[in-house]
Amino acid sequence: MRLDTLLARATGRLTEAGSPSPRLDAELLLCHALGRDRTWLYTWGDREAPTLARARCEALVAARALGHPVAYLTGEREFWGLPLATHPSTLIPRPDTETLVEVALARATRAQGRLLDLGTGSGAIALAFASERPGWQVLGVDRQPEAVALARRNAERLGIANAAFRVSDWFVALAGERYALIVANPPYVAEDDPHLAQGDVRFEPASALVAGPEGLDDLRYLVAAAHEHLEPGGWLALEHGHAQGTAVRELLTAVGYADVASRRDLAGHERVSLGRRPTER
Ligand code: GLN
């Protein structure tokens, strides 16, 4: 069978299965099965599909039809233009989270400084920031050793030398350390949110998604606990749900952060809120 026929069939199968992006998914899975990129596939669509690649592609498409996320099947997802290894023990990097990277970069006006990324997962935020600010020292922490290993592997693979990773449950292993910038994409979905039962999130770790009855448990903790780990004048920036902007601004203001504000994602939703630790007089 020709590669373009195989691709058309895979697309049809994923359309029937209700995948939201059947053509793209089929291309990514076929490319993974072939060990080639999409440009190669567009160029050589009239070639015969090698038997092994065809079998591999069919197995991947069957798993996708059952709902498994493409990023877990291929083991890779691009974030901030960086190809990152993914693993079911960590959240799949999302385009929304690039808003948090933009916010952090906008606050990193000095040539040097220290940034902390809490709950780093695959290391996406830490690595995106580190790749843009080579003069900064970046630390990503996660309470899961598998996540820390994955983030380190990503840093190595990308040759990003100014990002380190460490096991820590939030600030537990960071006693006495202070940062100019602290960022996090914590769990923020309410435990009864129906979207947890739909699509790719069903296969992602609940520990990275769910945070109490209103989804605010971890955000509330981080706002309170980050204060003493910020340098005077340092910024805390947190990703949150599209309807949590007001709540997170209130949390920040209540703890005494200054210049509290929110930023919108590409879809126009308030996605990141930030505040500055006042300089003591
Ligand atoms: N934005 C993610 C979702 O809605 C949630 C990510 C998170 O909880 N940090 O699927």
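The values are calculated or read from the model by the stated rules, or taken from the named source; none is laboratory data. All figures in this text were calculated on a predicted structure; none of them were measured in a lab. Neighbour counts run over all protein chains shown; Cβ positions are idealised from the backbone, glycine included.
Some points to look at:
- Scanning the range 133-178 for residues being touching a Phe, Trp or Tyr at 6+ places or on another chain (Cβ under 9 Å), acidic (Asp, Glu) and farther than 25 Å from residue 228 by Cβ gives a total of 0.
- Residue in the range 90-100 that is away from the ligand (no atom under 16 Å from the Cβ), surrounded by fewer than 19 Cβ atoms within 10 Å (Cβ to Cβ) and not in a loop (DSSP other than H, G, I, E, B) present: no
- Looking across 161, 155, one residue alone is surrounded by fewer than 15 Cβ atoms within 10 Å (Cβ to Cβ), over 30 Å from residue 254 (Cβ atoms), hydrophobic (A, V, I, L, M, F, W, C) and modelled with pLDDT of 95 or more. It is 161.
- Restricting the range 257-277 to residues that are acidic (Asp, Glu) and within 23 Å of the chain's Cα centre (by Cα), the residue that is nearest to residue 190 (Cα to Cα) is 270.
- Filter pass, residue 257 being in contact with a Gly (Cβ under 8 Å, 6 or more places away or on another chain), among the aromatic types (Phe, Trp, Tyr) and more than 10 Å from the ligand (Cβ to nearest atom): yes
- Qualifying residue in the range 183-190 (condition: under 20 Å from the mean Cα position of the chain (by Cα) and among the aromatic types (Phe, Trp, Tyr)): yes
- Output for the range 111-126, where each listed residue is more than 20 Å from residue 173 (Cβ to Cβ) and surrounded by 24 or more Cβ atoms within 10 Å (Cβ to Cβ): 124
- Subset tally (residues that are surrounded by 17 or more Cβ atoms within 10 Å (Cβ to Cβ) and either among the β-branched types (Val, Ile, Thr) or in a loop (DSSP other than H, G, I, E, B) (or both)) for the range 56-73: 3
- Where residue 202 falls short, out of the listed (1) under 11 Å from residue 118 (Cα atoms); (2) loosely packed, with under 15 Cβ neighbours inside 10 Å; (3) charged (D, E, K, R): (1)
- Number of the exception - residue 254 against (1) modelled with pLDDT of 95 or more; (2) of a type in the set (A, V, I, L, M, F, W, C); (3) within 20 Å of the chain's Cα centre (by Cα): (3)
- Search result, residues across the range 24-44 that are surrounded by 15 or more Cβ atoms within 10 Å (Cβ to Cβ) and within 17 Å of residue 62 (Cα to Cα): 25, 26, 27, 28, 29, 30, 31, 32, 33, 34
- Test for residue 18: is it surrounded by fewer than 14 Cβ atoms within 10 Å (Cβ to Cβ), free of Cβ contacts under 8 Å to residues at least 60 places away in the same chain and away from the ligand (no atom under 16 Å from the Cβ): yes
- The number of residues in the range 69-88 that are within 16 Å of the ligand (Cβ to nearest atom) and out of contact with any Ser or Thr (no Cβ under 9 Å at 6 or more places or on another chain) comes to 1.
- Of everything in the range 243-281 that is among the hydroxyl-bearing types (Ser, Thr, Tyr) and in a loop (DSSP other than H, G, I, E, B), the residue that is surrounded by the fewest Cβ atoms within 10 Å (Cβ to Cβ) is 279.
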